[in-house]
Every structure is written in structure tokens, then in C-alpha cells.
1. Scan the range 182-197 for residues that are of a type in the set (D, E, K, R) and surrounded by fewer than 15 Cβ atoms within 10 Å (Cβ to Cβ) and jot them down.
2. From the list Thr27, Thr20, Thr12, Thr6, pick out the single residue that is under 30 Å from Ser303 (Cα atoms) and modelled with pLDDT under 95.
3. Looking at (1) in contact with a Gly (Cβ under 6 Å, 6 or more places away or on another chain); (2) modelled with pLDDT under 95; (3) not charged (D, E, K, R), which one does Trp83 not meet, given that it meets all the others?
4. Among Ser240, Ser275, Ser247, which is the only one that is within 26 Å of Gly96 (Cα to Cα), polar (S, T, N, Q) and out of contact with any Gly (no Cβ under 8 Å at 6 or more places or on another chain)?
5. Could you give every pair whose Cβ atoms fall below 7 Å, whose first residue belongs to the range 44-58 and is in contact (Cβ under 8 Å) with a residue 24 or more places away in the chain and open to solvent by 10 Å² or more (accessible area, probe 1.4 Å), and whose second residue is among the hydroxyl-bearing types (Ser, Thr, Tyr) and assigned to a helix (DSSP H, G or I), counting only separations of at least 6 or pairs across chains?
6. Just to verify a result, which residue in the range 174-206, among those that are without any contact (Cβ under 8 Å) to a residue 60 or more places away in the chain and of a type in the set (D, E, K, R), is farthest from Leu54 (Cα to Cα)?
7. Which ones in the range 140-164 are more than 16 Å from Glu260 (Cβ to Cβ) and free of Cβ contacts under 8 Å to residues at least 60 places away in the same chain?
8. Just to check your reading of the model, which residue among His318, His311 is surrounded by fewer than 21 Cβ atoms within 10 Å (Cβ to Cβ) and in contact with a strand residue (DSSP E or B) (Cβ under 9 Å, 6 or more places away or on another chain)?
Amino acid sequence: MTNILTFLTACTLLFCSCRTDQVAPETPPVYNFDVVDKFLEAHLADYNDQVIVLVSQNGKLIYKKGFGLDEHTSKPIASATKWLSAAVILSLVDEGKLSLSDSIGKFLPIFTAHQKGNITIRQLFAHTAGFGGDSPQKYEYKRLMTLAEAVDSIALYTPLVSIAGTQFDYGSAGMQIGGRIAEIVSGQKWQDLFDQRIAQPCQMTAEYRSARNPIIAGGVHTTAADYLKFLEMLVNGGTSDGHRVLSENAIEAMFSDQTEGSKITGTPYATNPFSTTPQRPVRYGVGNWLDVVDTDGHVLESSSPGLFGTHPWQDSRHQIAGIIFTQTTPRQSNMTSLEIRKMIRDIVE
């Protein structure tokens, strides 16, 4: 009798353990980031002893390490702004208000009048518009101008240094024009556009300073925690907390080479020594560098580091969003940040 009871009990337990409504949820993987901790501590001087690193996977924080800063400290992020601005443009593409292949003369006749109207919005946001990076007169940084005045001045006084689509010259002039076009087609100011289309659905805060003439390519102040929410939206295919922010087509365009084979003549980021193809030139999507590419040319990771050291990146293959948030001197910490990314990539592989 005892044996029969034991057998029946075992069968009952086996049956219960197989019921689908009692299957335990999948436990997120646990990673050992000790090597990252040690490397970061050994290279704190590269970050002027102030840095916060946040990494999430599938929207769950898997790594956090800070020295002198926390995830809620607000700092200027320079060119990390470009990614945020690109998302605004792509949201307008989603809505059909413009296309990446539209010419700027369609919206700004002043450029047509000065033989610059055939430049496309794609070229503005892929740094191939022909302006040579920043305007020599720095109109995009002049606080006393409005965005409209700055862009009209670029049309009037900033010469093209190459035929549109033939050269890649990293800078701010093109994106400033794109920001003005966004205002025209939407009827809204740039900050309002960003807040409505990106910040609010992502539950983040990011402020473009110099409100009259917001620096579309580099003017944002934000926090590591806020920027990470934006990155998580990208990694999640354009959705945030169940809300669609960007279409799948927009995400695909963002992470695709938009430079159309142009010659790279002006770049702060020629190659990534920690990529799987370290000799391959780093190309550009819409607002972000396609800086880790496999041997077949498939983009594995992309990023948008800024002049002051902040270094955001996404890895859709592993569902990783990450940001190294800091304030350093120009180019002081980029190689260190790239190596940290490589360590994290190897750990989650």
C-alpha cells in the first residue's frame, strides 16, 4: 500500500508541475560584470572621476555603476543629441509630413534661389549635404538668432564645399536646416515637437537649450536615466511601454547606411578598433554611427557619442541599451567607452 501511495503522489506532483498556468516565468540571465567594474575603476581619470554607466536588456537594468554622478544628474550631451533629433524627423516621415528623399527646396525656396534646393532631408541627417560640417559663420550656434533666421543665413551665406551626396562631412549645419523644415511641416516649435513625439511617449525629459535657435545637432541637456528610456524604445523596435513611437520602417532606416557611398572626408570617428571588423570605415545612419558591423556588413550596434564624453549605444541583437554618461574634455574617453562596450558585448554574448 505504501508503494502505491508513493506512486500516486509522484504522479500527482508530476501532473501539477506540467500545468501551463503554473510554469514559472523565465528568469532574466545573471551576468558577472566584475571585469567591467575593475576596468572602469582603473580608467576613472578618463572620465574626470565622474561617470555613470547604465545598461539594460529587454528593458531591465542589468548593470549600473557610478562615480561622482548618478543617473538623475543632468548634463549637456553634445552630439548625443543627434540621435534624439533624428527620431523627431523619422516620426514626421511616419506621419507622411515629409520623406527622407524630399528636397529641401520643397519647403525652403530660399535654398532653391541659391542653388542649394536639391539637397535631400536624408543628406541633411547623414552629413552628406555638401556644407562641410558646421557653417563657417556658426549660424547654428548663435543664440540671438531664431532657428528660421539661422537657416535662412545658411542658405544665403554658407557655401557648399561639395556636390550633395558625394562627401561625408560630420557637423551641425545640415541638421539645423532639417529642424527648421520640421517646424514648417508641423506648425510647432522644435522643443514642442520633440516633447510631443519622443519625450512624452518615452516618459523622458530632454531640454534643447538656446530656445530661440535650438542646436538640433548638439544642444540637449538630459540625464542618463532619461536617455536610457529613449534607447530602450529603439531596441524595442520603436515602442515604449506598449506605445508606438516610431514605426519598424523608421527603425530600419535609422540603423541603415544613409551615406549612399559618399567619400568620407570629415569625420571624428573613422574606425572602431573594438568592432568585429576593425578596419571597416564607420558609416552613418539617421542620427547615429553604425560602428559595430559584421563581415557581411550587417549592423550589430550603433551609437551617438558626444563631444563631452557621453556615449549612448544600442545592440538590438542582444536587446541591449546602454549609456556611459560623463563630462570630459574632447575625445578624452571615447576609446575607453568603446572598450567597455566590447566587454559588455562579450559578457552577454
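1. Asp192
2. Thr27
3. (2)
4. Among Ser240, Ser275, Ser247, only Ser240 is within 26 Å of Gly96 (Cα to Cα), polar (S, T, N, Q) and out of contact with any Gly (no Cβ under 8 Å at 6 or more places or on another chain).
5. Asp46/Thr336
6. Glu183
7. Ala148, Val151, Asp152, Ser153, Ile154, Ala155, Leu156, Tyr157, Thr158, Pro159, Leu160, Val161
8. Checking each option against the conditions leaves just His318.
The values are calculated or read from the model by the stated rules, or taken from the named source; none is laboratory data. Note that the structure is a prediction, hence the values are computed from the model and not measured. All Cβ positions, even for glycine, are placed from backbone atoms using ideal geometry, and neighbour counts span all protein chains on display. Remember, those area values only see protein heavy atoms, side chains included, never the ligands or the DNA or RNA. Shrake-Rupley method; radii C 1.70, N 1.55, O 1.52, S 1.80 Å.
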